[in-house]
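Have a look at the structure below, then the notes.
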Amino acid sequence: MRTIDWWDGAVRIIDQTRLPQAEIFIDVRDVDELVVHIQSLAVRGAMALGVAGALGMALAATTAARAGDDVDRALDVAAEKLSNARPTAVNLGYGVRAVQRARAEGADVAGVLAAALAIRDEDILANRAIGEAGAAFLHGARRILTHCNAGALAGVEEGTALGVIGHLHRESPLTVVYVCETRPLLQGSRLTAWELSRAGIPHRVIVDSAAAGLILSGEVEAVVVGADRIAANGDVANKVGTVSHALAAHHAGIPFLVAAPESTIDDLTPTGADIPIELRHEDEVLDVLGQRVASPDSRALNPAFDITPAGLVTAIVTQRRLLRDPARNPPRPIANTDAR
Ligand code: MRU
């Protein structure tokens, strides 16, 4: 199963808002519709967003060419809409820019599509390498905690954090993966637990607030998460709640591993404080399963991501390198993409 792909002239996505109850694929044939699916989190997760950005550009080009419209104008409009669909994951703009670059270098419409498919294929290869390298780093750990969903659903075929977990499990069966449910939208219990069930990996879903206590009790041997953006100084933006696990892991002296492709490293963003944090609708917090659970006049604050300072990160693993202690060894000076 691919989370996102190019299929018969359309962008095919699995609708992640319907999981785990229903496995429904949507063929998206229009950029505006794709933007709606990005914003509703039907397609989500940093790497999948990068591929959505690239394939969205291909959709704009092929649609314009078929209608006899100006392809460059269509690409400009699509780039603006797609890049601004969600602010935090740097991969979204990365996918868009890779296609823009190909066009600027003379690609015709078929070349634009090929550039977008190259971003898809880069993701598949990168995630395989990340899984392997991350598992080598955490070798021997059997009780792992993860947050949100950095699995196949956040990429194309394989995930980053769940890629590491999958490799560890294939080496020698894991005792347990603790899956933080990840309020408010439950990417942990809805998506990560679904992926682990399909892979036959033993896991327990926990409420987010149980994580620190479990970590400090000695029950967890390592924490592994993905990232939506890594600043030049090694600070990491990931799903809200991540920094609490990093603080607990630091206190307990266990590894806190960030698994992400090179395209997540944003050398143009100096520190975590410069990363835009998406603020989502208050109702995502105030309602549970469509039912208001707070008093009618209560307001909510709903940041979708938080920043883990580089000093709390044991290592960042990408498809190319393992950066131990990123606070002292920041990713900044290294050319950051395969497509550049
Ligand atoms: O709001 P989401 O579901 O798109 O957030 C996703 C995450 O925070 C993931 O942990 C992150 O993208 C890393 S996996 C590529």
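Are any of the residues in the stretch 287-305 of a type outside the set (Asp, Glu) and within 20 Å of residue 268 (Cα to Cα)?
Within the stretch 287-305, one or more residues are of a type outside the set (Asp, Glu) and within 20 Å of residue 268 (Cα to Cα).
For the stretch 188-222, give me the residue count where each residue is under 18 Å from residue 315 (Cα atoms) and within 16 Å of the chain's Cα centre (by Cα).
Selection size over the stretch 188-222: 0.
Quick check on residue 78: is it open to solvent by less than 40 Å² (accessible area, probe 1.4 Å), over 22 Å from residue 39 (Cα atoms) and small (Gly, Ala, Ser)?
So residue 78 fails the test.
Only one of 88, 146 is in contact (Cβ under 8 Å) with a residue 24 or more places away in the chain, assigned by TED's automatic domain parsing to the domain that holds residue 195, of a type in the set (Ser, Thr, Tyr) and open to solvent by less than 10 Å² (accessible area, probe 1.4 Å); which?
Being in contact (Cβ under 8 Å) with a residue 24 or more places away in the chain, assigned by TED's automatic domain parsing to the domain that holds residue 195, of a type in the set (Ser, Thr, Tyr) and open to solvent by less than 10 Å² (accessible area, probe 1.4 Å) holds for just one of 88, 146, which is 146.
Tell me yes or no: at least one residue of the stretch 284-294 is touching a helix residue (DSSP H, G or I) at 6+ places or on another chain (Cβ under 9 Å) and within 30 Å of residue 137 (Cα to Cα).
No, the stretch 284-294 contains no residue that is touching a helix residue (DSSP H, G or I) at 6+ places or on another chain (Cβ under 9 Å) and within 30 Å of residue 137 (Cα to Cα).
Any idea how many residues of the stretch 162-194 are assigned to a helix (DSSP H, G or I), within 18 Å of residue 132 (Cβ to Cβ) and more than 11 Å from the ligand (Cβ to nearest atom)?
Final tally of qualifying residues: 8.
In the stretch 32-44, how many are open to solvent by less than 20 Å² (accessible area, probe 1.4 Å) and either touching a Ser or Thr at 6+ places or on another chain (Cβ under 8 Å) or not assigned by TED's automatic domain parsing to the domain that holds residue 121 (or both)?
3
The rows are residues; the columns are (1) within 13 Å of the ligand (Cβ to nearest atom); (2) assigned by TED's automatic domain parsing to the domain that holds residue 187.
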position	(1), (2)
232	no, yes
238	yes, yes
269	no, yes
293	no, yes
304	yes, yes
329	no, no
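Would you check which residues across the stretch 279-291 are in a loop (DSSP other than H, G, I, E, B) and either in contact (Cβ under 8 Å) with a residue 12 or more places away in the chain or within 13 Å of the ligand (Cβ to nearest atom) (or both) and list them?
Residues satisfying the conditions are 280, 281, 282.
Out of all the residues in the stretch 214-261, which are surrounded by fewer than 21 Cβ atoms within 10 Å (Cβ to Cβ) and acidic (Asp, Glu)?
Answer for the stretch 214-261, where residues must be surrounded by fewer than 21 Cβ atoms within 10 Å (Cβ to Cβ) and acidic (Asp, Glu): 219, 221.
For the stretch 97-143, give me each residue that is under 21 Å from residue 238 (Cα atoms) and open to solvent by less than 10 Å² (accessible area, probe 1.4 Å).
126, 127, 130, 131, 134, 135, 138
For residue 61, state whether it is assigned to a helix (DSSP H, G or I), touching a helix residue (DSSP H, G or I) at 6+ places or on another chain (Cβ under 7 Å) and not assigned by TED's automatic domain parsing to the domain that holds residue 151.
For residue 61, the condition - assigned to a helix (DSSP H, G or I), touching a helix residue (DSSP H, G or I) at 6+ places or on another chain (Cβ under 7 Å) and not assigned by TED's automatic domain parsing to the domain that holds residue 151 - is met.
Within the stretch 77-98, is even one residue more than 15 Å from the ligand (Cβ to nearest atom) and over 26 Å from residue 40 (Cβ atoms)?
The answer is no, given that none of the residues of the stretch 77-98 is more than 15 Å from the ligand (Cβ to nearest atom) and over 26 Å from residue 40 (Cβ atoms).
The values are calculated or read from the model by the stated rules, or taken from the named source; none is laboratory data. Bear in mind that the values here come from a model prediction, so they are computed numbers and not experimental data. Because the Cβ atoms are built from the backbone with ideal geometry, glycine has one as well, and the counts that use them run over all protein chains shown. We work out accessible area using only protein heavy atoms, side chains counted, and drop any ligands, DNA or RNA first. Shrake-Rupley method; radii C 1.70, N 1.55, O 1.52, S 1.80 Å.
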